[in-house]
Every structure is written in structure tokens, then in C-alpha cells.
Amino acid sequence: MNLLVTGGCGFIGSNFIRFVHNARPQWKITNLDALTYSGNPENLADLDSQPWYTFTHGSINDRTLLDKLMPQADAVVHFAAESHVDRSILDSGPFIQTNIVGTQCLLDALRANDINKRFVHVSTDEVYGELPIDKPDVKFTEQTPIAPNSPYSASKAGSDLLVAAYHHTFSLDTVITRCSNNFGPYQFPEKVIPLFVTNLIEGKKVPLYGDGQNIRDWIHVDDHCEAVLAVLEKGKPGQAYNIGGNNEQSNLQLTRAILETLGKGKDMIQHVEDRLGHDRRYAIDCSKMKQELNWQPTRSAWPQALEKTVQWYTENETWWRNVKSGQYRQYYQQQYGNRTTN
Ligand code: NAD
Ligand code: TYD
């Protein structure tokens, strides 16, 4: 198997490349990444000389490059995206360009090369919009209507609809995954868990949005990677699969758990203005993954999984300090040049 992974220098993509290599050591993997602010080759620095791994610096919006890469791939797993809700509120432009136009470019390159290559589109539960916090039994299923609320989730929903349309119209072998909030090693410290953990290690307070009652369903990144691999190998063409951790926590519960793990007090919480349009609750019904693909989360249960992740950040200070200070970025910009988007 020659697998083309897009966005493999990001948080989930880099964990996925490691996960797949351990699970399928005979596979060859090409990682196409534009190295935006969140793409960091350091996440995979130890793989550079491995014969099964190739890094290609470039954009999913570069059709000429895609036409070179696509014939060598047997399947594509598409992670590349602008991924942070707060950034999409500040400027939605890059989200439309990468998440929608970039996905269209990939789909067209696939169509022009071989429509029988499997294309896994990695999406998010946020495309379903939000759930109420007072109805804990209600969860997102694959039948829940798409109703995104943020510019980020709207751009992901746009790409999901394009993927479904290319399956319907051109019979491309596509599958869509919709996962809840991930946590684990190598997550860019703008997302809440690494931001709060690293702030606390630095002696800074943690900015909790609004009343802190918003709920997210937290899944360990390795559970997500295992699920994406199952969908790649066994998912039915044209289908969408929900992936979750069965682990709902309010932001206040999450913050308290992090404080406790690091031995810090509640005085380190700084209550700040709420995020605009802040979705109240996400919760995933992933029974389809269990019934059809025999997958369920096994690494996401708290407090152990959270404690292990906090420990990773305490043991890998150089990594996140260099990310936060822009040290890696400066180095890789010199090596590879600025982001290419076409
Ligand atoms: P991330 O921001 O850490 O990584 C994104 C990667 O994509 C980076 O390496 C970046 O350089 C690359 N990239 C951006 N634009 C590109 C382009 N034009 N061409 C090639 N590469 C480009 O994001 P993440 O958290 O790892 O998320 C990966 C995927 O998973 C995204 O599609 C996201 O929507 C989805 N997802 C994330 C979560 C989560 O909790 N983080 C949950 C569900 C789904
Ligand atoms: P985030 O990690 O940005 O993921 P998403 O918006 O995709 O769910 O945020 C997770 C939750 O944490 C979300 O409800 C917003 C909240 N949050 C804060 O309270 N403070 C912060 O500084 C950040 C980044 C997020």
C-alpha cells in the first residue's frame, strides 16, 4: 500500500503516520503538508531517514503537484485543514481556501487519475452544529442534519458536501469520518488542553470562556487514528462514520482536572469573555463504528488518559516552548520557504 496523507505534520496527521506505521509496517507513506503555522516537521523528525516515509512540502491547492503525487498513491487520507475555531472567527478566508477549495482540488486530482482510489475525508462532529446541555441522551448520529455554526465548521461542512457530491456524481470511492475533540501529544498549543497545560507550567493563568459549562466529547488521538485506519480499510463507499470518545466533560470539569493533575489551585482560572457563537455541547453516538467496523474507543477514559497527556507535555517542554516561541517555525521557514497555496 502506498498511502498519501495530507496534513501529516499537524497534530492528528503526525500521530496517524506513527500509528499506521506501527499497525501496518509494510506500507509506504507520503506526507503532503504546506507547513502552515500548525504544521511542524519536528513532530516526525525521527522519521526523516526511514525508507517507508517521504515528506513533500506543498499545498493541496497545487493541482500540478497533486497530479504528480496521485498516480503513486493507492489511497488518500485527507487531514490537511485550517483547524481552529477562534482563528476562523478572526478571519475565515484561509478556511474557505484550504478546507473547501483545497478539498475540491484533491477530489479533482483524484478524479483525473483513478476514481477507484479510496479517499478518506477526515471531518469533524462540529458540522452537526450544537446540542443542548440539558438533554444528555441526545447525541449526534450520522443522520443528524448538517448545521454548522462557526466559519470553521461551515468550511468543513462545505468540504463534506463536496466529497459526498463527488461520490454521487462521479462514483469516487470516498468515506467521511466525523470525530469529536482530540487530545494527546503534539497538539498545537492554541487548542484548549495544550494551551492550559503549558500556560500552567509557565505559571500563567488559563482563560476559560464564558460560564465554562460548554461540553465536549474528548477522544485520545490514538483512538481516532485507529478508527480512521478501520474506515480506510473497511468503511463502505459513500458513507460517513461518527467517531467519539464516550467521554463528555464540561470545560470547567476539564479545567479542574488539569489543575488537579498539575497540583495548581482554582485561582489560576481566569474567566474571560465567551467565544462568539460558542457551541454549547458536542456528543457523539459512535454505535455505527462499533456495529459495522467493530471499533470503539479504548484509550480515552479519564482521568488516566488526561494525566498521561499532561505528563507528555511536562516531559516535552522543549517541543512546546519552541512551538510557542515560533523557534521551529523560523527554522522550517528558512529550510522550506513560506507556505505555498497557489
Ligand atoms: P492541525 O492544525 O494540527 O494540522 C493541520 C495540518 O494541515 C498542518 O500540518 C498544516 O500545515 C496542514 N495544512 C494546512 N493547509 C494545508 C494545505 N493547503 N496543504 C497541505 N497541508 C496543509 O489540525 P489537526 O488538529 O491535526 O486536525 C487535522 C484534521 O482533523 C482537520 O481536517 C480537522 O478538521 C480534523 N479534526 C480535528 C479535530 C481536533 O480535535 N483537532 C477533531 C475532529 C476533526
Ligand atoms: P478548542 O480546543 O478550541 O476546540 P473546539 O473549539 O474545536 O471545540 O476548544 C475546546 C473548548 O474549550 C471550547 O468549548 C472552547 C473552550 N476554550 C476555552 O474556554 N478557552 C480557551 O482558551 C480555548 C482555546 C478554548
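The values are calculated or read from the model by the stated rules, or taken from the named source; none is laboratory data. All values derive from a computational prediction rather than experimental measurement. Using ideal geometry, Cβ is built from the backbone for each residue, glycine included, and neighbour counts are taken over all protein chains shown. Protein only, heavy atoms only, side chains kept; ligands, DNA and RNA dropped before computing areas. Shrake-Rupley method; radii C 1.70, N 1.55, O 1.52, S 1.80 Å.
For the pair K68 and R24 in one chain, pulling the backbone fully straight at 0.36 nm per residue adds 13.4 nm over the alpha carbon distance.
The angle between the Cα long axis of helix 304-315 and the longest principal axis of the Cα atoms of the chain comes to about 90 degrees, rounded to the nearest 10. In this simple spin-label approximation, L276 and K205 carry label points 7 Å from Cα along the Cα→Cβ vector, and these lie 2.4 nm apart. Of the Cα atoms belonging to the stretch 2-336, the radius of gyration and Dmax stand at 19.1, 58 Å. Within the accessible surface of the chain, defined with a 1.4 Å probe on protein heavy atoms only, the carbon and sulfur portion equals 47 percent.
With the simple spin-label model, which puts each label point 7 Å out from Cα in the Cβ direction, the E307 to K266 separation comes to 2.3 nm. Shown is the FRET efficiency for T169 and N113, computed with R0 = 22 Å from the Cβ-Cβ distance and rounded to the nearest 0.05: 0.85. Of the residues N113, I133, H168, the one whose Cα sits farthest toward the positive end of the charge dipole of the stretch 107-214, with +1 on the Cβ of Lys and Arg and -1 on the Cβ of Asp and Glu, is N113.
When only Cα pairs below 8 angstrom with a gap of at least 6 residues are kept, the stretch 2-336 shows a relative contact order of 18 percent. Mind checking the full-extension length gain between E190 and Q97? Use 0.36 nm per residue of separation minus the Cα-Cα distance, one decimal, nm. Between E190 and Q97, full extension yields 31.4 nm more. Sorting 150-162, 118-130 by average packing, meaning the other beta carbons within 10 Å per residue, from highest down gives 118-130, 150-162. A straight chain from Q143 to T56 at 0.36 nm per residue would run longer than the Cα-Cα distance by 27.6 nm.
Legend: residue pairs K28/K117; K205/K324; K236/K308; K156/K191, Cα-Cα distance threshold 26 Å; pairs beyond threshold, K236/K308. Peptides 271-280, 31-40, 166-175, ordered by how many other C-beta atoms sit within 10 Å of their residues on average, highest first, read 31-40, 166-175, 271-280.
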